[in-house]
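Data first, discussion second: the structure below is written as structure tokens.
The values are calculated or read from the model by the stated rules, or taken from the named source; none is laboratory data. As the structure is a prediction and not an experimental result, all values here were calculated from the model. All Cβ positions, glycine included, derive from the backbone under ideal geometry; neighbour counts span all protein chains shown.
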Amino acid sequence: MSPRKELINKVIKLSIQAGGAIMDIYDSNNFYSTKKKDSSPLTEADLVSNEIILNGLKKVKPSLPILSEESSEIDFNERSGWERYWLVDPLDGTKEFLKRNGEFTVNIALVEHGKPIFGVIYAPFLKILYWGSRGYGSYEIFGKNKAKKITVSEKNKFRIAASRSHQNSLELENFFKKQECTIIQKGSSLKFCMVANGNIDVYPRIGPTSEWDTAAGHAIIKYAGGVIVNFMGQEITYNKENLINPNFIAGSSKMLALEIKKMIKNEE
């Protein structure tokens, strides 16, 4: 069953509210950074956004469980029984937040039977919001402008996204050097959004990402007509016992994704 429009609108408003709180801290120039267990940075903005989103989602749909990056210590024996749940990254791109380049986002996804059926990504500094849902398609909203429906590009111009703050694998670096392509560096989940709106053709990722990093972007790409597949060509799934994603390629089609994978791996 597709999410109701009322629910979608409430979650969009919630992402904007969390983004506003993040910007209050960003503009204050008075935020701290600590380290989590995996050595990734943690700021006051991560925690404030997380609290706003968790409290808000409990009001929006009290019956649904929530898995968030900042509260992910939930045993798989409990999670494995979840048919539908929220998957949240309250501040995706904390490194970009600390670098003050504006490329950070709020990510909220609704996952059903291991697949995202709705996702919202809000970039509060840029004032751009993206959402995608089963039954509705995907949309882009700039500021207070009217929502614009978006679809992936079918031109295959080889405009390729690369992470701004995470080092690419040697395989990807070699691939980039060999191809006549345009490399576009972006932080956080904005890479997924640029695939969804047709401004990037493909985003390959070799290296660890967590499920909350990709779920909202996955929904937005999927309902814009694109795919996120592993290197075997299978759609990536969620609520696994290990919350780390496999290597993946996001693109306008499975055919393009597998073509890029062969080129990265030097396969015939």
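Summary of computed values
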quantity	calculated
Unmet requirement for Lys58, which otherwise passes all of (1) under 20 Å from the mean Cα position of the chain (by Cα); (2) surrounded by 12 or more Cβ atoms within 10 Å (Cβ to Cβ)	(1)
Single match in Ala215, Ala219 (criterion: closer than 17 Å to Ile128 by Cβ and of a type in the set (Gly, Ala, Ser))	Ala219
Failed item in (1) touching a helix residue (DSSP H, G or I) at 6+ places or on another chain (Cβ under 7 Å); (2) farther than 18 Å from Thr214 by Cβ; (3) at pLDDT 95 or above; (4) of a type in the set (Gly, Ala, Ser), with Gly19 passing the rest	(1)
Residue identified as out of contact with any strand residue (DSSP E or B) (no Cβ under 9 Å at 6 or more places or on another chain) and not charged (D, E, K, R) among Gly81, Gly102	Gly81
Residues located in segment 103-136, provided they are within 12 Å of the chain's Cα centre (by Cα) and outside any strand (DSSP E or B)	Phe104
Residue satisfying condition, being among the small types (Gly, Ala, Ser) and surrounded by fewer than 24 Cβ atoms within 10 Å (Cβ to Cβ), within set Ser189, Ser252, Ser210	Ser210
Single residue of segment 66-124 satisfying the filter (surrounded by fewer than 16 Cβ atoms within 10 Å (Cβ to Cβ) and acidic (Asp, Glu)) that is modelled with the lowest pLDDT	Glu73
Top-ranked residue in segment 231-268 [being out of contact with any helix residue (DSSP H, G or I) (no Cβ under 9 Å at 6 or more places or on another chain), touching a residue at least 12 places away in the same chain (Cβ under 8 Å) and not in a loop (DSSP other than H, G, I, E, B); ranked as farthest from Glu171 (Cα to Cα)]	Lys254
Test: residue in segment 185-196 that is part of a loop (DSSP other than H, G, I, E, B) and free of Cβ contacts under 8 Å to residues at least 40 places away in the same chain	no
Test: residue in segment 69-79 that is assigned to a strand (DSSP E or B), within 27 Å of Val227 (Cα to Cα) and either touching a residue at least 40 places away in the same chain (Cβ under 8 Å) or assigned by TED's automatic domain parsing to the domain that holds Gly217 (or both)	no
Residue list for segment 145-167, filter: surrounded by fewer than 18 Cβ atoms within 10 Å (Cβ to Cβ), at pLDDT below 70 and under 19 Å from the mean Cα position of the chain (by Cα)	Ser165, His166, Gln167
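Yes/no matrix, rows are residues, columns are (1) out of contact with any Phe, Trp or Tyr (no Cβ under 8 Å at 6 or more places or on another chain); (2) closer than 29 Å to Asn239 by Cβ; (3) in a helix (DSSP H, G or I):
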site	(1), (2), (3)
Tyr85	yes, yes, no
Leu91	no, yes, no
Asn101	yes, no, no
Lys146	yes, no, no
Leu172	yes, yes, yes
